[in-house]
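Q: This is the structure I have questions about; it appears just below.
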Amino acid sequence: MTMTQSPVRGGPAVKATDALLGVYRRARPVLVGGRGCHLIDDEGREYLDLTSGLGVNALGYGDAGIAAAVTESLETGVLHVSNLYRSRPGEELAAALTGVSFADRVFYCNSGGEANEAAIKFARRWAREAGGPAKHEIVSLRRSFHGRLFGSLAITDRPVYQQPFEPLMPGAVVVDANLDAVRAAVSPDRTAAIFVEPVQGEGGVVPLPSELLAGLREIADAVDAVLVFDEVQTGLGRTGRLFGYQLSGVEPDLLTLAKPLAGGLPMGAVLLTERVASAIRPGDHGTTFGGGLMVAAVALNVLHRLSDPALVENVCERGEQIRQTADRWRADGLILEARGVGLMWGFELDRPAAEVVGRALEAGVLALTAGERVLRLLPPLVIGESELAGGLDILTSALE
């Protein structure tokens, strides 16, 4: 066991495993390297990664383009200048993001939770100008997950996560994922925004019907509220489209991004229409590190790569490969239901999913859960047919 000396003179040595705050139950392997879609532990064992680091590593490991972008940034000698000054990578990335989306403006931050916090603030700032202080409520849906900070946690449907930290942000309204429930919850006088994930990820990988998303757009317009799409998990190629909203053709007013945006470096973003952006004033929000030179340079490279039609085609083909395997699993009684799109899948089980994840880990495949009884897969978007087939074979054995 690795030991570290206490900074206090004469203090006891501390186990390295005990020095981290225990907010995660970490699996055994100590991961030290990776290539392609595989990770390598400190004993040299390889694992096929069907998690992408919780959806982050869309381009896998050891990617030459990411390495080149990092190296070029290091060679400038400047990793940070703050947002008090201009920098080219951030401006170029913002232009690229607006060029491929509905948006007119971009705000950078460091994570998905921060992006959703910013979107809540931007929505309320816009709504205050549109309807006054009473127009502040944020409506979200059952099974949603928007983060663990105080605003994003308040609109996340996880009472067990919320209760230890109450009182949370007031004005959060969580309703069933149907149009009647949303209509009953909104008001022109009170409602600032409706938040929704096009595919509810942590809630069990539940793709929301296009009709529901279109109805939310109509409701938001009817009560003069903004529609916010949380695409922290669905954004940038995961669904077989660059953005999840493109599957339905329903455009939001704000969209939040994070996970794969900077290829493993911490970065989030909010995309905004000019309608909302025009209400934001200098000093309304801020970030010390958001959009820094290195992360923005890497993100620009990642965005170009994830916009490649060949990669998008691979996502769709591998998604169909998973669908066909899931049909066999269901026919054989190994799963109850399969839900997903692109390379974002959840499989409903009749037993705890953690048991299957544990057996897969022993056999050399990394997988995830999404709730107690849902097995979740988020493979790198560059995974090949034979690699995926091998991983699905191992999962078949784990399910059996």
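Q: Here is a list of conditions, (1) of a type in the set (Val, Ile, Thr); (2) surrounded by fewer than 19 Cβ atoms within 10 Å (Cβ to Cβ); (3) more than 19 Å from the chain's Cα centre (by Cα), and Val356 meets all of them except one; can you say which number that is?
A: (2)
Q: When you go through Pro170, Pro188 one by one, which is the residue that is closer than 26 Å to Ser111 by Cα, assigned by TED's automatic domain parsing to the domain that holds Ser111 and either polar (S, T, N, Q) or over 23 Å from the mean Cα position of the chain (by Cα) (or both)?
A: Pro170
Q: Which residues, counting only those in the stretch 59-79, are surrounded by fewer than 11 Cβ atoms within 10 Å (Cβ to Cβ) and either part of a loop (DSSP other than H, G, I, E, B) or at pLDDT below 90 (or both)?
A: Within the stretch 59-79, just Gly77 meets the criteria.
Q: Do you know which residues across the stretch 329-340 are over 25 Å from Leu242 (Cβ atoms), without any contact (Cβ under 8 Å) to a residue 24 or more places away in the chain, outside any helix (DSSP H, G or I) and of a type outside the set (D, E, K, R)?
A: Within the stretch 329-340, Gly333, Leu336 qualify.
Q: Now for a different question. For the stretch 218-276, give me the residue count where each residue is assigned to a loop (DSSP other than H, G, I, E, B) and over 25 Å from Glu129 (Cβ atoms).
A: 23
Q: Shifting gears a bit: Only one residue in Ala326, Ala279 is in a loop (DSSP other than H, G, I, E, B), surrounded by 15 or more Cβ atoms within 10 Å (Cβ to Cβ) and in contact (Cβ under 8 Å) with a residue 12 or more places away in the chain. Which one? Write out each step before concluding.
A: Values: Ala326 fails: in a loop (DSSP other than H, G, I, E, B).
Going through Ala326, Ala279 in turn, the sole match is Ala279.
Q: For Thr256, state whether it is more than 19 Å from Ser111 (Cβ to Cβ), crowded, with 23+ Cβ neighbours inside 10 Å and under 18 Å from the mean Cα position of the chain (by Cα).
A: For Thr256, the condition - more than 19 Å from Ser111 (Cβ to Cβ), crowded, with 23+ Cβ neighbours inside 10 Å and under 18 Å from the mean Cα position of the chain (by Cα) - is not met.
Q: Only residues that are part of a loop (DSSP other than H, G, I, E, B) and among the hydroxyl-bearing types (Ser, Thr, Tyr): list them for the stretch 168-206, please. Quick ask: steps written out before the conclusion?
A: Going through the stretch 168-206, the residues part of a loop (DSSP other than H, G, I, E, B) turn out to be 168-171, 176-178, 186-190, 197-198, 201-205.
Within the stretch 168-206, Ser187 is the sole residue that qualifies.
Q: A further question on this structure: Just a yes or no: is a residue in the stretch 142-159 in contact (Cβ under 8 Å) with a residue 12 or more places away in the chain, under 21 Å from Ala115 (Cα atoms) and acidic (Asp, Glu)?
A: Checked against the condition, which is being in contact (Cβ under 8 Å) with a residue 12 or more places away in the chain, under 21 Å from Ala115 (Cα atoms) and acidic (Asp, Glu), the stretch 142-159 yields at least one hit.
Q: Could you please let me know if Gly364 is outside the structural domain of Gly204 (by TED's automatic domain parsing) and either surrounded by 22 or more Cβ atoms within 10 Å (Cβ to Cβ) or out of contact with any Asp or Glu (no Cβ under 7 Å at 6 or more places or on another chain) (or both)? Walk me through how you get there before you give the answer.
A: Values: outside the structural domain of Gly204 (by TED's automatic domain parsing): yes; either surrounded by 22 or more Cβ atoms within 10 Å (Cβ to Cβ) or out of contact with any Asp or Glu (no Cβ under 7 Å at 6 or more places or on another chain) (or both): no.
Against the criterion (outside the structural domain of Gly204 (by TED's automatic domain parsing) and either surrounded by 22 or more Cβ atoms within 10 Å (Cβ to Cβ) or out of contact with any Asp or Glu (no Cβ under 7 Å at 6 or more places or on another chain) (or both)), Gly364 does not qualify.
Q: Exactly one condition in (1) crowded, with 19+ Cβ neighbours inside 10 Å; (2) outside the structural domain of Asn116 (by TED's automatic domain parsing) is false for Glu313; which is it?
A: (1)
Q: Given the options Ala58, Ala67, name the one that is free of Cβ contacts under 8 Å to residues at least 40 places away in the same chain, among the aliphatic types (A, V, I, L, M) and closer than 20 Å to Ser307 by Cβ.
A: Ala67
Q: Identify, please: which residue in the stretch 114-136 is touching a Gly at 6+ places or on another chain (Cβ under 6 Å) and surrounded by 22 or more Cβ atoms within 10 Å (Cβ to Cβ) and is, among those, nearest to Ala193 (Cα to Cα)?
A: Checking each candidate, the answer is Ile120.
Q: Here are some conditions: (1) surrounded by fewer than 18 Cβ atoms within 10 Å (Cβ to Cβ); (2) over 15 Å from the mean Cα position of the chain (by Cα). Arg148 meets all but one. Which one does it not meet?
A: Unmet for Arg148, out of (1) surrounded by fewer than 18 Cβ atoms within 10 Å (Cβ to Cβ); (2) over 15 Å from the mean Cα position of the chain (by Cα): (2).
Q: Kindly indicate which of Glu202, Glu166 is of a type in the set (Asp, Glu), at pLDDT below 95, within 28 Å of Phe289 (Cα to Cα) and out of contact with any Ser or Thr (no Cβ under 8 Å at 6 or more places or on another chain). Let's see the steps before the verdict.
A: Numbers: Glu166 fails: within 28 Å of Phe289 (Cα to Cα).
Answer to the check: Glu202.
The values are calculated or read from the model by the stated rules, or taken from the named source; none is laboratory data. A quick note: this is a predicted structure, and the numbers were derived from the prediction, not measured. Neighbour counts run over all protein chains shown; Cβ positions are idealised from the backbone, glycine included.
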